Amino acid sequence: MIIGRVYGSVVSTHKLDGLVGYKFMQVQCIENGALVDKFLTAVDGVGAGIGEDVIITTGSGARKALGKDDAPVDAVIVGILDTKQC
Amino acid sequence: MIIGRVYGSVVSTHKLDGLVGYKFMQVQCIENGALVDKFLTAVDGVGAGIGEDVIITTGSGARKALGKDDAPVDAVIVGILDTKQC
Amino acid sequence: MIIGRVYGSVVSTHKLDGLVGYKFMQVQCIENGALVDKFLTAVDGVGAGIGEDVIITTGSGARKALGKDDAPVDAVIVGILDTKQC
Amino acid sequence: MIIGRVYGSVVSTHKLDGLVGYKFMQVQCIENGALVDKFLTAVDGVGAGIGEDVIITTGSGARKALGKDDAPVDAVIVGILDTKQC
Amino acid sequence: MIIGRVYGSVVSTHKLDGLVGYKFMQVQCIENGALVDKFLTAVDGVGAGIGEDVIITTGSGARKALGKDDAPVDAVIVGILDTKQC
């Protein structure tokens, strides 16, 4: 799993039907208690907001997170951390 | 998911039957609002054009994007972003 | 598989139901007998403690480790090493 | 997908039965029209030769490329590019 | 697939039941005929010994290599190369 901080989102009106209703959050990775120069975009699965530290599941596990085996995704925010990591 | 900008395409006449009809787009990754030195090739799933910023799903989720569980692909453009990222 | 040392854990109260009961351990990777500047977070599958050297399975194999094909995870600690690696 | 140039092959007589008959090609990656310092080995799915530029599918999609869901592979050459990339 | 040289092994007595009987080999990657600063741990599927150059399958293909769809692994040595790579 990846730990990171949500810093923004992107909007795509023209997208596959299987993605309708999902919010794409931009996340900066946190490693060893510090923000690092790694970034990814993940579907929000838990109502995460900008500035929150989250945990992300990637790969086929991301589809499991959404409960939709046909969702064309590869990264989903699956939890919000109780404590800021930095 | 990966955010990037389409900058070209490649053509392969001699390819597996399962790839016939797909267009292979070349994408430069965008991280934190800037084009970075990372590149990938993805099947176009949404009619993306050169210069557009897109969102890409990789791994087994790419096959879900095409709606073909047997497609021999690992990256598909699944949406066009409404706003240029840089 | 990845070899690493457990150095902490993170808590997420607000998470997907499919993650309830799992403990998220923070691991620093070990390569060639030395701790390196790579970090990941993995669900604990074996009762690993801080300071222990562990082996981690990533990707779809992580779900196999938990014996739950629908678990939204991508990394699980599957064993504790008998000998410290460094 | 990965774009690259075939520069060699490796032979393994002592291998799993599920790999018998496959040819393992060594590929140097091409990014943005230049050979880069990244390398991988992929099963040949299209009769690619040394010096040709190819497209490679990785992960579970590689098994789809071979049409064998039990093939123990993770990268397959799925097409030969019509035009040299550099 | 990854090409590398076996340089050691690790032992884990306290591990998941699904891993009993497997040997975990430490491998240094070989790229373009030279050992590089990349390392991984893989289950031995072919009886590889220290010093031998091997080919490794990662991801879900690793489970196919072991012929056990529920094995919690993500990397397996699937062949021994006939010729040393460096």
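For the residues B:Leu66, B:Leu35, the requirement of being more than 9 Å from every other protein chain (Cβ to nearest Cβ) and over 11 Å from the mean Cα position of the chain (by Cα) singles out B:Leu35. Among the conditions (1) without any contact (Cβ under 8 Å) to a residue 24 or more places away in the chain; (2) under 19 Å from C:Val76 (Cβ atoms); (3) under 12 Å from the mean Cα position of the chain (by Cα), E:Ser60 misses just one, which is (3).
From the list C:Ile77, C:Ile55, the lone residue that is facing chain E (nearest Cβ under 8 Å), within 24 Å of A:Ile30 (Cβ to Cβ), touching a residue at least 12 places away in the same chain (Cβ under 8 Å) and not small (Gly, Ala, Ser) is C:Ile55. The residue list D:Gly79, D:Gly67 contains one member that is on the phi > 0 side of the Ramachandran plot and at pLDDT 95 or above, which is D:Gly67. Just one of the listed residues (E:Val27, E:Val73) is under 11 Å from the mean Cα position of the chain (by Cα), under 24 Å from C:Val43 (Cβ atoms) and not small (Gly, Ala, Ser), namely E:Val73.
Counting only strands (runs of 3 or more DSSP E) that sit wholly inside chain B, those with at least 3 residues that are open to solvent by 10 Å² or more (accessible area, probe 1.4 Å) and either of a type outside the set (D, E, K, R) or within 21 Å of A:Leu66 (Cα to Cα) (or both) are B:2-10, B:24-31, B:34-44.
The values are calculated or read from the model by the stated rules, or taken from the named source; none is laboratory data. Remember, it's a predicted structure, so these values are computed and weren't measured experimentally. All Cβ positions, glycine included, derive from the backbone under ideal geometry; neighbour counts span all protein chains shown. Please note that ligands, DNA and RNA were not included when accessible areas were found on the heavy atoms of the full protein model with its side chains. Shrake-Rupley method; radii C 1.70, N 1.55, O 1.52, S 1.80 Å.
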